[in-house]
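Everything on this sheet refers to the single structure shown next.
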Amino acid sequence: MNLLDDPALLHWVLNTAPLLPQDTYLPWIRQAGWALVLAALFSAASRRSAVPQLRAGYRLLAWPLALWACIPGPWGLSYWLGLAFQTPSLMAIALSLQTLWQSLAQGRWALMRQVSGFADSGQRGPRRQYPYLVLGLVLGWLLLLDGFAYLPVSLYGWGFSPPAFALMLLLALWPWVQGVRFSLMAQSPAPALLAALVVFALTRWPTGNVWDAVLDPWLFIALHLYAIAGYRARLSD
């Protein structure tokens, strides 16, 4: 007798199989994701540059590159970025939207703070970023080791299970459990992580694996660059 002939066992297998996203809209989402990432990258560079000419140049390049990424096929920038870095994760897209919002609302928010005397919680943002930075680096290296089969268990395979999603959701909600309140200009990645997990729960995008939703090769490299820049800034202080 085949084990799958048992109705109870068949019902259990069907209910525990990972839900996978529909691949019809994935190319469009890939193009929109890379467009947002490029626009956010150059917008952040324009905010942090101390040279006015460079700030203007970054702002001038942000939107043409984003539009170029929206072009389908080999003529589009997202095609070549996808060959090197695959598809932006939901976390990368959420962080890009957060960065673009901060860039667009920075001037208006600063004026509101001056008028109302409101203290922005984003001033303590860098300290709140460190736990998520360490988490992303550790998770990325563990997944890299798992890809070369250096771990005794399949960490990537565990990303399809509900406990892995529950763990990431707990990490996203932990600041709120501690009573932290975020403003619209807060620099903590916790709101972006929570938004990415909510979209993942509804769509299972991009692969049905929670690790692919919160981390991708582009974001993994960006975390290293951010850590190096922060370390050099602390040494200069």
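The values are calculated or read from the model by the stated rules, or taken from the named source; none is laboratory data. Here the structure is a predicted model, which is why all the values come from computation and not from measurement. So basically every Cβ, Gly included, is an ideal-geometry build from the backbone, and we count neighbours across all protein chains shown.
Among the residues of this structure, I93 counts as one that is of a type in the set (V, I, T), modelled with pLDDT of 90 or more and either assigned to a helix (DSSP H, G or I) or under 21 Å from D212 (Cβ atoms) (or both). When P162 is tested against (1) surrounded by 15 or more Cβ atoms within 10 Å (Cβ to Cβ); (2) modelled with pLDDT of 90 or more; (3) over 18 Å from A44 (Cα atoms), only condition (1) is not met.
You will find that of L83, L151, L41, L77, the residue that is modelled with pLDDT of 85 or more and assigned by TED's automatic domain parsing to the domain that holds L223 is L151 and no other. All told, L36 falls short of being modelled with pLDDT under 90 and not assigned by TED's automatic domain parsing to the domain that holds V210.
Scanning segment 58-76 finds no residues that are more than 13 Å from L38 (Cα to Cα) and among the basic types (K, R).
Do we have any residue at all in segment 145-152 that's in contact (Cβ under 8 Å) with a residue 12 or more places away in the chain and either in contact with a helix residue (DSSP H, G or I) (Cβ under 6 Å, 6 or more places away or on another chain) or under 25 Å from W101 (Cβ atoms) (or both)? No: zero hits. Going residue by residue through segment 41-48, is there one that turns out to be outside any helix (DSSP H, G or I), under 20 Å from the mean Cα position of the chain (by Cα) and of a type in the set (A, V, I, L, M, F, W, C)? Checked against the condition, which is being outside any helix (DSSP H, G or I), under 20 Å from the mean Cα position of the chain (by Cα) and of a type in the set (A, V, I, L, M, F, W, C), segment 41-48 yields no hits at all.
The set of residues from segment 111-145 being aliphatic (A, V, I, L, M), exposed (fewer than 15 other Cβ atoms within 10 Å of the Cβ) and modelled with pLDDT of 50 or more comprises V134, V138, L144, L145.
Restricting attention to segment 181-209, the residues that are more than 18 Å from P131 (Cβ to Cβ), at pLDDT 85 or above and of a type outside the set (G, A, S) add up to 10. Considering L61, L65, L36, the condition of being in contact with a Leu (Cβ under 6 Å, 6 or more places away or on another chain) and part of a helix (DSSP H, G or I) is satisfied by L65 alone.
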